[in-house]
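**Q** Below you will find the structure I want to go over with you.
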Amino acid sequence: MDYQSVTYTTKDRIAFVTLNRPESGNAIDVQMAVELDEVCRRINQDRNVGAVVLSGAGEQVFCAGEDLAQFTGTDLGEAASLDAVKDFALRYNVSASVAGIECPVVAAINGDAMGAGLALALSCDLRIASSQAVFGVPDVARGCLMANGVTQWLPRIVGRGKAMELMLTAEPIAAPEAHRIGLVHQVVPPDQVSSEAHKLAGEFAAKAPLALRYVKEAVNKGLDMTLEQGLRLECDLYMMLQTTQDRIEGVRAFREKRQPSFRGE
């Protein structure tokens, strides 16, 4: 399938997804939201994909946020039409679509990530950022409430206090500060972002797909459970994994002192 606002390729069990609207800072419009949701569903249906790299086209911006040029209806203080509500729902669900990818997702943050673009990066499992990237939530400065997942993703990752500071002040932060507070996991020179993300994704793609999937499920669902419930979920997933062919292959490869050959079964 051909896409216009994103590009999608696969190689060596890695899916490469690129936001492809560099002329607008890779801002999220309705078409990009629809295409990105389709790509995420496609990834989950492809058992040959073991990891994902999400990046933005161009050299200076990962994603500038939502495309303000497409704001209509409620965005201008007018009565919301059904089309406007539908468009909002599509844009709003972008980060949820990425978070719903079952295998590990690495964000290759080649440039600035603002507003909904930051939410998109936060919905990934790991984030590698350019040393020149800037991060921020400018919504309040425009008199808007964040409606793209930032209010939920950010405090879960950097803690409530720092998240409130970033959102209420609307002040951007540079990559080194983003790394210090745990917003990104690694900061590298701009020309190394893609290669480092590819390297990390390759390490994931070589591991047992079901084990990685269950790790994500245990952590993500466990955050919304009590400790007791989370421990039960972990135990259930552990028992399920014991019955898989990948688990048998992993043990056999260890005993035979060779690299395992996982099949996701």
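No value in this document is a laboratory result; all are computed from the given coordinates. Computed from a prediction, not measured in an experiment: that's the story for all the values here. Neighbour counts run over all protein chains shown; Cβ positions are idealised from the backbone, glycine included.
**Q** Between Phe254 and Lys199, what is 0.36 nm times their sequence separation minus the Cα-Cα distance? Round to one decimal in nm.
**A** Details: separation 55, 0.36 × 55 = 19.80 nm, distance 2.35 nm.
Using 0.36 nm per residue and subtracting the Cα-Cα distance, I get 17.4 nm.
**Q** Once you have a ≥ b ≥ c as the square roots of the Cα gyration tensor eigenvalues for the range 91-200, tell me rounded if a/c is under 1.5, and otherwise prolate or oblate according to whether a/b is larger than b/c.
**A** Cα axes put the range 91-200 in the oblate bin.
**Q** Less than 14 Å from a label point 7 Å out along the Cα-to-Cβ axis of Gln132: which backbone N atoms in the range 47-71 qualify, by residue?
**A** Backbone N within reach: 58-62.
**Q** Once both labels are modelled 7 Å past Cα along the beta-carbon direction, what's the Ala69-Lys216 spacing in nm?
**A** If labels sit at Ala69 and Lys216, their model points lie 3.2 nm apart.
**Q** Out of residues 5 or more away from Arg21 or on other chains, whose amide H comes under 5 Å of its own, with H placed 1.01 Å from N in the peptide plane?
**A** Residues meeting the criterion, in which the H sits 1.01 Å from N, are Asn26, Ala57.
**Q** Given springs between every Cα pair under 10 Å in a Gaussian network model of the chain, which of Leu168, Leu223, Leu120 has the largest fluctuation?
**A** Leu223
**Q** State whether the range 142-265 is rounded, prolate or oblate according to the following rule on the C-alpha gyration tensor (a ≥ b ≥ c being the square roots of its eigenvalues): a/c under 1.5 gives rounded; otherwise a/b larger than b/c gives prolate, and the remaining case gives oblate.
**A** Values: a/c = 3.35, a/b = 1.61, b/c = 2.08.
The shape class here is oblate.
**Q** Gln186's amide H: which non-local residues (gap 5+, or another chain) put their own amide H closer than 5 Å, with H modeled 1.01 Å from N in plane and none for Pro or chain starts?
**A** Arg127, Ala129
**Q** At 7 Å along Cα-to-Cβ for each site, give me the label-to-label distance between Gln31 and Ala170 in nm.
**A** Roughly 2.9 nm, to one decimal.
**Q** Dividing the convex hull volume of the Cα atoms of the range 6-205 by its residue count, what figure in Å³ per residue is obtained?
**A** Looking at the range 6-205, the number lands at 102 Å³ per residue.
**Q** Something else now. Which residue, chosen from Gly111, Leu36, Gly159, occupies the Cα position most advanced towards the positive end of the dipole of the range 6-205, where the dipole is computed from +1 (Lys, Arg) and -1 (Asp, Glu) charges on Cβ about the Cα centre?
**A** The listed residue farthest towards the positive side: Gly159.
**Q** If you take every DSSP beta bridge fully contained in the range 6-205, what fraction is antiparallel? Give it as a percent rounded to 5.
**A** Numbers: 8 of 30 bridges.
Rounded to the nearest five, the antiparallel share is 25 percent.
**Q** What whole number of Å gives the distance from the Cα centroid of the range 18-61 to the Cα centroid of the range 162-217?
**A** 16 Å
**Q** Now for a separate question. Hey, in the GNM for the chain with a 10 angstrom Cα cutoff, which one of Gly65, Gly159, Gly50 fluctuates hardest?
**A** Gly159
**Q** Could you check the simple spin-label distance between Arg160 and Thr10, using points 7 Å along Cα→Cβ, in nm with one decimal?
**A** Output for this residue pair reads 4.3 nm.
**Q** Shifting gears a bit: Scattering from the C-alpha atoms of the range 209-255 alone, worked out with Debye: what is log10 I(q)/I(0) at q = 0.20 1/Å?
**A** -0.65
**Q** Based solely on its DSSP helices, what 222 nm [θ] is calculated for the chain when runs of n ≥ 4 H residues each add -39,500 (n - 2.57) and the sum is averaged over all residues, nearest 500 deg cm²/dmol?
**A** Values: 11 runs with 119 residues, N = 265.
The helix contribution divided over the chain gives -13500 deg cm²/dmol.
**Q** For the range 6-205, give the magnitude of the charge dipole about the Cα centre (Cβ charges: +1 Lys/Arg, -1 Asp/Glu; no others), in debye to the nearest 20.
**A** Value, rounded to 20: 600 debye.
**Q** What does the charge add up to near Lys216, with Lys and Arg as +1, Asp and Glu as -1, over the other residues with Cβ less than 13 Å from its Cβ?
**A** Values: positive: Lys207, Arg213, Lys221; negative: Glu102, Asp125, Glu217, Glu234.
Around Lys216, the surrounding residues sum to -1.
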